[in-house]
Structures are given as structure tokens and as C-alpha cells.
1. Starting from the amide H of R25, placed 1.01 Å from N in the peptide plane, find each other amide H under 5 Å away whose residue is 5 or more places distant or on another chain.
2. Straight-line reach from K101: which lysines have Cα under 27 Å away, leaving out those fewer than 8 places along the same chain?
3. Under unit Cβ charges (Lys, Arg +1; Asp, Glu -1), what dipole magnitude, rounded to 20 debye, does the chain have relative to its Cα centre?
4. If neighbour count is taken as other Cβ atoms inside 10 Å, put Y35, Y105 in order from fewest to most.
5. Go through region 6-17 residue by residue and turn each phi into a ³J(HN,Hα) via Karplus (6.51, -1.76, 1.60, θ = phi - 60°); whole Hz please, and just put x for glycine and proline.
6. Go through region 90-105 residue by residue and turn each phi into a ³J(HN,Hα) via Karplus (6.51, -1.76, 1.60, θ = phi - 60°); whole Hz please, and just put x for glycine and proline.
7. Taking the 0 to 90 degree range and rounding to the nearest ten, how far is the long axis of helix 37-49 tilted relative to the main principal axis of the chain, both from C-alpha atoms?
8. With each label point set 7 Å from Cα along the Cα-Cβ vector, what nm distance links K37 and I106?
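Only the coordinates and a few stated rules stand behind these numbers; no lab work does. What you are looking at is a predicted structure, and each value in this text was computed from that prediction instead of being measured. A quick note on method: Cβ atoms are made from the backbone with ideal geometry, for glycine too, and the neighbour counts reach across all protein chains shown.
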Amino acid sequence: MTLQESGEMYLESIYLLIQEKGFVRSVDVCEKMGYSKPSVSRAVGILKRGGYLSTDKEGYLTLTEKGRMVAERTYERHTLLTAVFISLGVPEDVATADACKIEHYISDTTFQALKDAIHKDERNIFDHSVQSRQE
């Protein structure tokens, strides 16, 4: 099953709720994401069938290893891209919104190259790229 953007967003939200509260139920997801109960129920069913999520008899949601990996990957992309955009002078609300869109579409190769460039170069790589364009 190929996970779509909305599935990644659900997993990321569940992951963050678990970090924040220690437990998650569908109603928590509804509140965090602003979605209706039927929408969240449908998404939970799809994620369960895909092996990303499990529920217990009390209705608590748990990420499977597969779901946790996707959620952590998505969250890492979100936080790094947001930080990069803010460092470029993008207002935080715009940086966050743009990162939320891009995190689902950037390839693993490009994201890894971005991470490597940031971690490899002690200097600000963005200053260097601006200078290169001006020359």
C-alpha cells in the first residue's frame, strides 16, 4: 500500500500526540487536525489495513514500527525544512505551511543531500549559495 500525503499527515499528528500526551484516541486526532469523527475513523481504518496503526479494545491508537518510521521521517522533514526556510528569512507561519506541503513530495535523495549539506558545512551554506548566484 502506497501511503498518500493525507496518511502521512495522520501518522505525523498521531506521533506528535503520543509524544505530547503519551496516548492517543481518535477524538484527539479529530481535535488536533480539525477533522470530523467519520473522516478520522475512515483514515484510521485505512492506516490499520496498511499496517501503519493498531488500536486496542479501549480505542487507543498505537503506531506500528512501520507507522512510526513514516511518522518520524515526515516529522524530521517538516522540522528541518521549516528551520531552513526560517533561516532564509521566510516568516515562521509561511515557512511552516510550505514545509508541510513539501515534506510529502521531496525525494529521499534530495532530502538526504540537503541534510548532508547542512551538517557537512560549518559555515552557512545559504550565504554561500547567494554569493555564488551574485558572481
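1. For R25, whose amide H was placed from the backbone, the distant partners under 5 Å are L61.
2. K21, K32, K37, K48, K66, K115, K120
3. Working: 17 positive and 21 negative charges, 132 e Å.
In total the dipole reaches around 640 debye.
4. Sorted ascending by nearby Cβ count, the order is Y105, Y35.
5. 5, x, 5, 5, 4, 4, 4, 5, 4, 4, 5, 5
6. Calculated HN-Hα couplings, in order: 6, x, 4, 5, 6, 4, 5, 5, 5, 4, 4, 6, 6, 4, 8, 10 Hz.
7. 80
8. Label-label distance for K37 and I106, simple model: 3.8 nm.
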